[in-house]
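Have a look at the structure below before the remarks.
The values are calculated or read from the model by the stated rules, or taken from the named source; none is laboratory data. Owing to the predicted nature of the structure, the values given are computational and were not obtained by experimental measurement. As a convention, Cβ positions derive from the backbone with ideal geometry for all residues, glycine included, and neighbour counts pool all protein chains shown.
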Amino acid sequence: MTPEAQKLNDLLKPGQPLPSDEVMVSTALDILNHSAHGQQLVDFVRINNIALRIMSTPQPTTYLPEPKLAYIGFNRNNPVSPSRFVLMLAGILREAQQESAGIKNPHLQAPLEEHMKISMAKHEDKLWYMCTVACELNDISTFMEYNFLDELRKMGHDESLELYLKQEKRK
């Protein structure tokens, strides 16, 4: 296990005090950097000066109030697993990339069909990206204990992951 992997596992152990937000984010970015698609996200953060913040929320969530400010939320009394934290970070960074590329949500007054079309396309792209990062990291022996694919399933993305794996197998 690489020092980054061991470090994040140690930092997010149940019952242990949480480290600083900066340490959690930097360690997760170090792990993402081991994946080709994760490297793109890390480079995007560095080049565009994306601010990454952690907030306390009852349930795990991510929030992008503006293209250069991303939040990851979870219950600090019951923190998410290291693999979920890394995947949540990958997902919100992909959303930030979409916004930066001009793929924005429609105005509130836009027709429902437009909202559905754009929101679903963005969500599908984000899930595909999360699946790609999860598979890339899962293939690295250092990160096998993280069980990134199982974590995606626990996050409720089992159907998306199975579809992704079928499509990738055909290539």
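Scoring Ser83 on the criteria (1) surrounded by 14 or more Cβ atoms within 10 Å (Cβ to Cβ); (2) small (Gly, Ala, Ser); (3) at pLDDT 95 or above leaves a single failure, condition (3). Thr57 meets each of the listed conditions (1) modelled with pLDDT of 95 or more; (2) hydroxyl-bearing (Ser, Thr, Tyr); (3) under 25 Å from Ala101 (Cα atoms) apart from (3). Looking only at residues that are within 14 Å of the chain's Cα centre (by Cα) and surrounded by 18 or more Cβ atoms within 10 Å (Cβ to Cβ) in the range 65-80, which one is nearest to Gly156 (Cα to Cα)? So, considering only residues that are within 14 Å of the chain's Cα centre (by Cα) and surrounded by 18 or more Cβ atoms within 10 Å (Cβ to Cβ), the one nearest to Gly156 (Cα to Cα) is Val80. Pairs are defined by a Cβ separation below 7 Å, a sequence spacing of at least 6 or placement on different chains, a first member in the range 46-58 that is free of Cβ contacts under 8 Å to residues at least 24 places away in the same chain and within 20 Å of Arg76 (Cβ to Cβ), and a second member that is hydroxyl-bearing (Ser, Thr, Tyr) and surrounded by 13 or more Cβ atoms within 10 Å (Cβ to Cβ); the pairs so defined are Met55/Tyr71.
With respect to Arg84, is the statement that it is out of contact with any Phe, Trp or Tyr (no Cβ under 7 Å at 6 or more places or on another chain), closer than 22 Å to Ala134 by Cα and among the charged types (D, E, K, R) true? Criteria met by Arg84.
Residue by residue, here is whether (1) at pLDDT 95 or above; (2) farther than 18 Å from His157 by Cβ; (3) crowded, with 19+ Cβ neighbours inside 10 Å holds:
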| residue | (1), (2), (3) |
| --- | --- |
| Ser20 | no, yes, no |
| Ile31 | no, yes, yes |
| His37 | yes, no, yes |
| Leu41 | yes, no, yes |
| Ile50 | yes, yes, yes |
| Leu87 | yes, no, yes |
| His107 | no, yes, no |
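Residue count for the range 25-45, restricted to those that are touching a residue at least 40 places away in the same chain (Cβ under 8 Å) and of a type in the set (Asp, Glu): 0. When residues in the range 151-171 are screened for being assigned to a helix (DSSP H, G or I) and free of Cβ contacts under 8 Å to residues at least 12 places away in the same chain, 9 of them pass.
Residues checked against (1) under 26 Å from Asn49 (Cβ atoms); (2) surrounded by 15 or more Cβ atoms within 10 Å (Cβ to Cβ):
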| position | (1), (2) |
| --- | --- |
| Ala96 | yes, yes |
| Glu113 | no, no |
| Ala121 | no, no |
| Glu124 | no, no |
| Met130 | yes, yes |
| Leu152 | no, yes |
| Met155 | no, yes |
| Tyr164 | no, yes |
| Gln167 | no, no |
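Does the range 98-115 contain at least one residue that is among the aliphatic types (A, V, I, L, M) and touching a residue at least 60 places away in the same chain (Cβ under 8 Å)? Checked against the condition, which is being among the aliphatic types (A, V, I, L, M) and touching a residue at least 60 places away in the same chain (Cβ under 8 Å), the range 98-115 yields no hits at all. Remark: Glu136 matches the filter, which requires a residue to be assigned to a helix (DSSP H, G or I), touching a residue at least 60 places away in the same chain (Cβ under 8 Å) and out of contact with any Gly (no Cβ under 6 Å at 6 or more places or on another chain). Here Lys13 meets each of (1) at pLDDT below 90; (2) surrounded by 14 or more Cβ atoms within 10 Å (Cβ to Cβ) with one exception, condition (2). Considering only residues in the range 89-124 that are in a helix (DSSP H, G or I) and among the small types (Gly, Ala, Ser), the one that is nearest to Val45 (Cα to Cα) turns out to be Ala96.
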